[in-house]
Amino acid sequence: MKAGDNGFGESELVEEISRNMQEALSYEEEVEMMLEANDMPKTVTNIIAAHQVMYGENGIYGMIRNIKNNQKFYVPYLITCIITVAMYYIIGSIAGNSALESMRGAESLIMILKVGTVVVGIFSVIFLFYTNSFLMKRRKKELGLYNMLGMEKRHIAKVLFWETIYLAVIALVAGILSGVLLYKGILLLLYKIL
């Protein structure tokens, strides 16, 4: 045994921490009462939510609670994702609309819109990567705390992956719906101009 070694190997330590967290989560009624009374710090609720997502115990509920606790970071990110999806949908739909072919200057308009679709797509990818990295920098302390409490990087990555998938589904659905609604208005406006 090495100096400072307490007899636990890394896997035993992870199991012990996991067992302790599961034991703590077994007092779910007390935790829920504390959450309802707002007596629990947000960091603790984030850790509990991450654990629930990681181990599948009320996974979606834990993920939603984690996103709610970080809503000051997630709401602007979600809004930008929705706007980006709607903008891409509108430009792509107008470029692919067959009714534009009968308009004056249709060839140049369709070419400009197709180039615009590519430009918006490239801009969207760059912009979304930038906002996502900004979001991760803001959550650096929380993720570090998860790591210090024994969550492995792959578990933290799993939690972040599922949060990102959840937000992406929301952004796609809301963006496409708003894009469909705005597309009709912009198409009518385009018909009036041309």
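List of remarks:
- Sorted largest first by accessible area at a 1.4 angstrom probe radius, with every protein chain in place, the residues LEU145, LEU182 fall in the order LEU182, LEU145.
- Placing a label point 7 Å from the Cα of LYS72 along the Cα-to-Cβ direction, the residues of region 138-179 whose backbone N falls under 13 Å from that point are 138-139.
- Figure note: ILE82, ILE193 ranked by solvent-accessible area, largest first, 1.4 Å probe, ligands and nucleic acids not counted: ILE193, ILE82.
- Cα-Cα over 25 Å, subset of LYS68/LYS158; LYS72/LYS114; LYS72/LYS184; LYS114/LYS137: LYS72/LYS114; LYS72/LYS184; LYS114/LYS137
- Accessible area of PHE129 in the full protein assembly, 1.4 Å probe (Å², nearest 10): 140
- Fully extending the segment from ILE165 to ILE122 would add 13.4 nm, taking 0.36 nm per residue of separation and subtracting the current Cα-Cα distance.
- Subtracting the Cα-Cα distance of LYS114 and MET136 from 0.36 nm times their residue separation leaves 4.6 nm of extension gain.
- Phi-derived couplings, Karplus 6.51 cos²θ - 1.76 cosθ + 1.60 at θ = phi - 60°, listed residue by residue for region 102-115: 8, 7, 5, x, 5, 4, 5, 5, 5, 5, 5, 5, 5, 5 Hz, with x used for Gly and Pro.
- In order through region 161-171: 3J(HN,Hα) via Karplus (6.51 cos²θ - 1.76 cosθ + 1.60), integer Hz, x for Gly, Pro: 4, 5, 5, 5, 4, 4, 5, 5, 5, 4, 5
- Heavy-atom accessible area, probed at 1.4 angstrom with all protein chains present, ranks MET151, MET136 as MET136, MET151, highest first.
The values are calculated or read from the model by the stated rules, or taken from the named source; none is laboratory data. Source: prediction; values computed, not measured. When we count neighbours, we look across all protein chains shown, and the Cβ atoms used for this are built from the backbone with ideal geometry, even at glycine. Heads up: the accessible areas ignore ligands, DNA and RNA and are worked out on the full protein's heavy atoms, side chains in. Shrake-Rupley method; radii C 1.70, N 1.55, O 1.52, S 1.80 Å.
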